[in-house]
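The values are calculated or read from the model by the stated rules, or taken from the named source; none is laboratory data. In this text, all values refer to a predicted model and were calculated from it rather than measured experimentally. Here Cβ is always computed from backbone atoms with ideal geometry, including for glycine, and neighbour counts include all displayed protein chains. These accessible areas exclude ligands, DNA and RNA; they are computed on the full protein's heavy atoms, side chains included. Shrake-Rupley method; radii C 1.70, N 1.55, O 1.52, S 1.80 Å.
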Amino acid sequence: MRKRDASEARPSFFHTSVFILALLVLLAALALSVLGAVTFGNADLSVKDVYSVILYEVFRFDSLSAYKEGPVRDVVWLIRLPRVLLALGVGMGLSVCGVVMQAIVRNPLADPYILGVSSGATLGATLSIMLGVGSFLGGNSVGLMAFIGAMITSFAVMYIANMGGRATSGKLILAGTAVSSVCSAFSNFVLYITNDNSATAQVTFWTMGSLSGADWARVKVILPVILLCGLFFWSQFRNLNLMLLGDEVSVTLGADLHRVRSLYLLLSALMVGFSVYCAGMIGFVGLIIPHVIRILFGTDHRRLVPLAALLGAVFLIWCDVACRVILKNAELPIGILVSIIGAPCFIYLLARRSYGFGGGR
């Protein structure tokens, strides 16, 4: 009895004040990360020059008109800052998608890659680059094809999982694995039959992951999509919490979650599609980041969604910085670095058997 009283008396990470404090700390860390990461790069620029360019572009101070144009302005405003903001959006999007998909299938080892959504997006991008499929969609055809591929894949997984009865978490994972294998096989088949070295190099960009193609056009598209979808999923915390209890329990509580799964997968496909379009394949973000937040703050999605989004953004920003500085006069693909970090963490979770929701055994 004493042990129980002592346990109840200990400070709880679930307390609202702790959550608010953590939220403020991560918001501050994100702001500092953006301001700090923009000072890193191959070009040797002073901190004063970097911030002078940003202040002029944002506030148009006459005293800083010297930074209106020139190579310094181009490096900071057209290359570095869009890249940092793109890392913010992609990290946030993948983390939220990981949280949602783990709730949908009631499996903490699920992420956009395990369920095949990312493979579908890559197949769509491969068809666009190699065969010109969707060229009628205009300059954003590759991104739109990536989204279409992710969307079709997500519905294919849902359809297969519902064959022979309603989808279960196990059937969703098996269906996702099967569809992912098919998409990867078709992507490799297209690469083989086209035998176009330049186009193959572009597809390699997707599979290894990179933020080098960042520009303001992509940032203006992906950030609103990620922020709006993230806010929507935050508002759906009750349904996400119910999904952890299973369909049988949720029905007894008056909520049929079968329909909302399709909507959640569609929005996740939208987020993953744009993330893959902008940065290629970056694994483990949607798997590891939710675990870190769950271990510290529990499984309540009211806390989990916003904290995972912020931590994922901070994490990917600094991963991108590391990719730019690890190799001299070269850039390490971010997908490689994230896998180097994420795979050992994944193995560690398995070895400890602490991969259950909330870090429980």
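Mean residue ellipticity at 222 nm, helices only, the chain: -23500 deg cm²/dmol; runs of at least 4 DSSP H residues each add -39,500 (n - 2.57), and the sum is divided by the number of residues. Of the solvent-accessible surface of the chain, computed with a 1.4 Å probe over protein heavy atoms with every protein chain present, carbon and sulfur atoms account for 66 percent.
Highest GNM mean-square fluctuation among Phe297, Phe284, Phe136, for the chain modelled with Cα contacts below 10 Å: Phe136.
Rounded to the nearest 10 square angstrom, Thr207 shows an accessible area of 80 square angstrom against a 1.4 Å probe.
Between Ser262 and Lys328, the simple label model (points 7 Å from Cα in the Cβ direction) yields a spacing of 5.8 nm. Take every pair of alpha-carbon atoms less than 8 Å apart whose residues are at least six positions apart; their mean separation over the length of the chain yields a relative contact order of 27 percent. Among complete DSSP H helices in the chain, those whose alpha-carbon atoms stretch at least 15 Å along the helix's long axis and whose mean Kyte-Doolittle hydropathy reaches 1.0 are 16-37, 47-59, 81-105, 117-131, 141-161, 169-194, 216-235, 258-279, 285-297, 301-325, 334-352. Dividing the mean sequence gap of close Cα pairs (under 8 Å, 6+ apart) by how many residues the stretch 112-185 holds gives a relative contact order of 43 percent. In angstrom, the C-alpha Rg and Dmax of the chain are 21.5, 72. Once all protein chains are placed together, Ile293 keeps about 10 Å² accessible to a 1.4 angstrom probe. The calculated FRET efficiency for Asn241 paired with Leu32, based on their beta-carbon distance and R0 = 30 Å, is about 0.40. Simple spin-label estimate for Ser65 and Ala343 gives 5.6 nm between the two label positions (7 Å along the Cα-to-Cβ direction from each Cα).
Solvent-accessible surface of the stretch 89-210, taken per residue with a 1.4 Å probe and all protein chains present: 40 Å².
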